[in-house]
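The values are calculated or read from the model by the stated rules, or taken from the named source; none is laboratory data. Keep in mind it's a predicted model, so treat the numbers as computed, not measured. Heads up, the Cβs are rebuilt from the backbone with ideal geometry, glycines too, and the neighbour counts pull from every protein chain shown. The protein model used for the area step is the full one, side chains on, heavy atoms only, and it has no ligands, DNA or RNA in it. Shrake-Rupley method; radii C 1.70, N 1.55, O 1.52, S 1.80 Å.
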Amino acid sequence: VDRDQAAGPIIDTIRKAGGDLLQHVALFDLYEGERIEEGKKSLAFALRFGADRTLQDEEVDTRINAIVAQLQSTHGAELRQ
């Protein structure tokens with residue numbers, strides 16, 4: 001994301017897009033430097049999904065895809081590979 005973007009609104013976007021299965025979001029790394037474009041920063045988040053039943057991989061994958069799509073459209077985020 002752009003270097004001037006605060007993590008708080010990004011976390012809010014993750015929570016909304018993750019829906020009711022997303023139980024916890026935490027920023028665990030911020031990186032600026034080598035292999036990151038000038039004026040950008042890399043943020044890494046830990047996500048915990050859960051429910052009162054066993055979740056299927058497809059359910060969580062769908063939520064993660066929704067989160068990534070929303071971060072791209074709302075914050076101009078790019079997923080690092």
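What number comes out for the charge environment of Lys41, summing +1 per Lys or Arg and -1 per Asp or Glu over other residues with Cβ under 15 Å away? The partial results should precede the final answer.
Details: positive: Arg3, Arg35, Lys40, Arg80; negative: Asp2, Asp4, Asp29, Glu32, Glu34, Glu37, Glu38, Glu78.
Neighbour charge sum, excluding Lys41 itself: -4.
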Check your understanding: So which trypsin sites (Lys or Arg not before Pro) in the chain pass both tests, a DSSP loop state and at most 16 other Cβ atoms within 10 Å of the Cβ?
Key -> Arg3, Arg35, Lys41, Arg53, Arg80
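Quantify how much of the Cα-Cα distance distribution of segment 37-81 extends past 16 Å, in percent.
Of all Cα-Cα pairs in segment 37-81, 50 percent lie more than 16 Å apart.
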Revision key, fill the gap. With all protein chains present and a 1.4 Å probe, the order of Ser42, Ser73 from largest accessible area down is Ser73, Ser42
Study note, to complete from the structure: In degrees rounded to 10, the 0-90 angle between helix 7-18 Cα long axis and the longest Cα principal axis of the chain is 30 degrees
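When the convex hull of the Cα atoms of the chain is projected onto a plane and the area is averaged over all directions, what value comes out in nm²?
Details: hull surface 21.8 nm².
Over all viewing directions, the chain projects a mean Cα-hull area of 5.4 nm².
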Exercise for review: Convert each backbone phi in segment 55-70 into a coupling constant with the Karplus relation 6.51 cos²θ - 1.76 cosθ + 1.60 (shift: θ = phi - 60°), then list the ³J(HN,Hα) values in order as whole Hz, x for Gly and Pro.
Suggested key: 7, 8, 3, 4, 5, 5, 4, 4, 5, 5, 4, 5, 4, 4, 4, 5
Practice item. Grab the DSSP H runs of the chain that are 4 residues or longer, score each as -39,500 (n - 2.57), total them, divide by all residues and round the 222 nm result to the nearest 500 deg cm²/dmol. Key: -12500 deg cm²/dmol
Point to revise | Charge-dipole axis of the chain as Lys and Arg at +1 and Asp and Glu at -1 on Cβ define it, positive-most pick from Ala44, Gln70, Thr13 | key: Thr13
